[in-house]
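Report on one structure; see the data block that follows.
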Ligand code: NAD
């Protein structure tokens, strides 16, 4: 079994690479990553000598290179994590989000058509559904919830999902899509809420909270996301969308207060709200539970403790990012024939 994991030097893709190499010791995993600011070779350091793992620095929008990789690797499965993923950055500069998230997906789908694969899996997000009102805790996103995007990031992810579905319907490419809620856990880039707050507490910096901190997110421990994708690529029905979430809703303020409590210090600073800030995300994971038997195994209270401990134990990993040093590690060759 050969799996191409795009975006495997990022947060979730990196966790997925570790998860798959641990679980399936005879699989070949090829990571294809452009190493943008969010890609970090230190995340993959412990698997670089694994004979079943190969890293290729490549851009998914580079059609020629992607085709060469497909031709050389002959993958059975593609799992596409590669993306520009930060909402705030998409508000500042949407163009690269369309380029990577939409056009890059198209290149991968074309490569699947050209070379033939068993499964193309698109890692999408619950943000494609827009948001829910704060005063309706009875409402959840299902797979039938209409797409209703708020940010250039979510619009680009929704566009990619539509393209994936079109390639299934028009060309018969065997695809699946998953839409997951907010992830947290090891190797999370410290511009995102949880790792940013942990790093700031440890560096005696204040903790910036948007608006009043009432926005609600549905948190999932990253390993549970990996186990869900693992199930979908083998057992998920072709052409289907699966929501992934663990019923772990927390306001941003609650998350920050939990981190302060666990670390025993930290000072909140309220800052101007994000433009178009989604109010509440909440996933209904009934379909993946009923159809594939998936359930998350890590409760938020346990997962946040594990995450904080990981950041305490792996200070060099995130300090290199904050200090900009990790860029010096990115000396890998561009893809060569
Ligand atoms: P990330 O920003 O940590 O990692 C993205 C990776 O993609 C990086 O390694 C980067 O170098 C790589 N990349 C970017 N552009 C590329 C290109 N053109 N070619 C090749 N590689 C490229 O992102 P993440 O948080 O790990 O998210 C991974 C995927 O999961 C994304 O598609 C995101 O939309 C989705 N998702 C994320 C969350 C979350 O909570 N983080 C939740 C649901 C879905």
Checklist line | Using alpha-carbon coordinates, inclination of helix 11-23 to the longest axis of the chain, degrees | finding: 60
Check: Given springs between every Cα pair under 10 Å in a Gaussian network model of the chain, which of 247, 320, 18 has the largest fluctuation?
Finding: 320
Notebook entry, point to check: With the chain treated as a Gaussian network of Cα nodes joined by springs under 10 Å, which of 221, 311, 234 yields the largest mean-square fluctuation?
Noted result: 234
Notebook entry, point to check: Using helices alone, what [θ] at 222 nm do you get for the chain, with -39,500 (n - 2.57) per DSSP H run of 4 or more residues, divided over all residues and rounded to the nearest 500?
Noted result: -11500 deg cm²/dmol
Margin query: Can you give the FRET efficiency to the nearest 0.05 for residue 268 and residue 115, using r as the Cβ-Cβ distance and R₀ = 35 Å?
Written below: 0.10
Check: Taking Cα centroids, how far is region 1-79 from region 251-290 in Å?
Finding: 30
Check: How far, in nm, would the chain grow between residue 74 and residue 320 when pulled straight, counting 0.36 nm per residue and subtracting the alpha carbon separation?
Finding: 85.0 nm
Next item on the list: Count the DSSP beta bridges whose two residues both fall in the chain, then state the antiparallel fraction as a percent rounded to the nearest 5.
Entry: 10
Next item on the list: Note down the nm distance, to one decimal, between modelled labels 7 Å out along Cα→Cβ at residue 24 and at residue 64.
Entry: 3.2
Next item on the list: Give the angle, between 0 and 90 degrees and rounded to the nearest 10, that separates the Cα long axis of helix 63-73 from the longest principal axis of the Cα atoms of the chain.
Entry: 70
Next item on the list: Give, in nm to one decimal, the length gained when the segment between residue 279 and residue 295 is fully stretched (0.36 nm per residue of separation minus the Cα-Cα distance).
Entry: 3.2 nm
Notebook entry, point to check: Which whole-number percentage describes the relative contact order of the chain, with Cα contacts under 8 Å and a sequence gap of 6 or more?
Noted result: 19
Notebook entry, point to check: With the chain treated as a Gaussian network of Cα nodes joined by springs under 10 Å, which of 280, 89, 179 yields the largest mean-square fluctuation?
Noted result: 89
Item checked: Folded to 0 to 90 degrees: helix 300-313 orientation relative to the chain principal axis, Cα -> 80
Checklist line | Centre separation in Å (Cα based) which lies between region 169-200 and region 295-315 | finding: 16
Note to self: I need 147, 56 ordered by Cβ neighbour count within 10 Å, fewest first.
What the structure shows: 147, 56
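Readers should treat all values here as calculations from the given coordinates under stated rules, not as data from a laboratory. Keep in mind the model is a prediction, meaning the values are calculated, not measured. Don't worry about glycine lacking a Cβ; one is built from the backbone with ideal geometry, like all the others, and counts go over all protein chains shown.
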